[in-house]
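J.: The structure under discussion is supplied below as structure tokens; questions concerning it will follow.
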Amino acid sequence: MPARTVYADNAATTAISQKVLSAMTPFLIENYGNPSSIYSLAAKSRHGIETARVQVAEALNAQAEEIFFTGGGTESDNWAIRSGVLANAKKGKHIITTAIEHPAVLNTCKALKKEGYELTVLGVDALGRVSPEDLRAALREDTALVSVMIANNEIGTIEPIARLAAITKENGALFHTDAVQAAGHVAVDVKKLGVDLLSISGHKFKGPKGVGALFIRKGLRLSPLIIGGGHERGLRSGTENVASIVGMGAALEDACAKLTTSVRYTRKLCKRLIDGVLKIPYTRLTGDPDDRLPGTASFVIEFIEGESMVLMLDGAGISASSGSACSSGSLDPSHVLLALGLPHEVAHGSLRLTINEDNDEEDIDYIAAELPRIVSRLREMSPLWDDKKKG
Ligand code: PLP
């Protein structure tokens, strides 16, 4: 049995809080009416959904009628991009995105390319930043939509969205941002950002899984991705996931209410973690050292395989992740790390530790004590390390 268990994979998903669970429970047991029915039990479900809509809208500085509930971040991204290009079809069939987007965005854009759209994928610098000047140069007369994430899920770098959106607006293209890792972790204000479309996902900020939302700027008419009985004002059909929508609203409201204190606390813990891990020789921080998500500590540790590290950390009771495992089962390193310009063999040694306000200093010190031991053990087995020692 490990001496301690530490969950350090909050970018993958989070545990829902007791407060969120309490908000959801009545909608699973007592107030289970179908929100589309006309009796009073159903009215309670409708009220739960509309309360959540206001909570999400207030958290993003949007209006309630600009928020549409979906089945998660992936669906919100697919919908924003697929229907966004159709909404701006008069402009043309050119899309711009970046090399470090989540597959929900990148693969949607690639699918559209196969369907006849033209795609420009912007590169990033060594810290994972998208350059506004690169975007300006890539925009064309026929650019219909630009999609750039607020914060990257592997390296935590925060992008200059307000500037990118302003440049896009001058051109007349629509601007979508994937705020899945940002919402509830840093301030997200749709007006300050100046975006047309913004995706969020409940399970990244202590809400439930399988629920998300898309912000659609007022005045923008988007066609539905999912067609059926006309729920969500005809834009997203399917009986609403009432309890999860309620849970997401409560979770985002709570995260935003605590944001200043949680950012301060998490940033401090994360700095302690980064300082501890960087003591391991041949280890580098990935992503922007300053403009990054407060709880994301991401590294490449040379002469090591990321997955082996994650398995050994698991043996020590620590849940972490590595960007080197691809969901398709291929052994290619993460597309994000390669986009930073890291060589394949270095990108293979990636480790992502993502903490939140539920972690404490003892968790951090435990990771900082276990990880060097694990790295030494793995390096002893590595032929590359052997070569390195022999010079
Ligand atoms: N976008 C980003 C940046 C993510 O990190 C994720 C999930 O990891 C998604 C989209 C997909 O969200 P969901 O898991 O809700 O489908």
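The values are calculated or read from the model by the stated rules, or taken from the named source; none is laboratory data. Everything numeric here is computed off the predicted structure, so don't read it as measured data. Reconstructed Cβ throughout: ideal geometry from the backbone, glycine too, with neighbour counts over all protein chains shown.
J.: Which of the residues that make up segment 228-274 are in a loop (DSSP other than H, G, I, E, B), more than 17 Å from Thr25 (Cα to Cα) and among the charged types (D, E, K, R)?
T.: Within segment 228-274, Glu232, Arg233, Arg236, Lys258 qualify.
J.: If we scan segment 111-120, do we find a residue that is modelled with pLDDT of 95 or more, surrounded by fewer than 19 Cβ atoms within 10 Å (Cβ to Cβ) and within 16 Å of the ligand (Cβ to nearest atom)?
T.: yes
J.: Right, next: So, in segment 172-189, of the ones that are surrounded by fewer than 24 Cβ atoms within 10 Å (Cβ to Cβ) and farther than 13 Å from Gly156 by Cα, which residue ends up farthest from the ligand (Cβ to nearest atom)?
T.: Gly172
Conditions (1) under 23 Å from the mean Cα position of the chain (by Cα); (2) farther than 17 Å from Asn153 by Cα, marked per residue:
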| position | (1), (2) |
| --- | --- |
| Ile227 | no, yes |
| Arg233 | no, yes |
| Asn241 | yes, yes |
| Arg267 | yes, no |
| Asp275 | no, yes |
| Ile280 | no, yes |
| Asp288 | yes, no |
| Gly306 | yes, no |
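J.: Name the pairs: first residue in segment 218-245 and over 16 Å from Ala57 (Cβ atoms), second residue of a type in the set (Lys, Arg) and not in a helix (DSSP H, G or I), Cβ to Cβ under 7 Å, at least 6 apart or on different chains?
T.: So the pair list comes out as Pro224/Arg236; Ile226/Arg236.
J.: Just checking, does segment 286-300 include any residue being part of a strand (DSSP E or B), surrounded by fewer than 16 Cβ atoms within 10 Å (Cβ to Cβ) and either assigned by TED's automatic domain parsing to the domain that holds His185 or touching a strand residue (DSSP E or B) at 6+ places or on another chain (Cβ under 9 Å) (or both)?
T.: No.
J.: Return the only residue of Ala104, Ala62, Ala80, Ala57 being away from the ligand (no atom under 16 Å from the Cβ), assigned to a helix (DSSP H, G or I) and closer than 21 Å to Gly202 by Cα.
T.: Ala57
J.: If you take the residues of segment 84-101 that are surrounded by 21 or more Cβ atoms within 10 Å (Cβ to Cβ) and under 19 Å from Gly219 (Cα atoms), which of them is nearest to the ligand (Cβ to nearest atom)?
T.: Out of the qualifying residues, it is Gly84.
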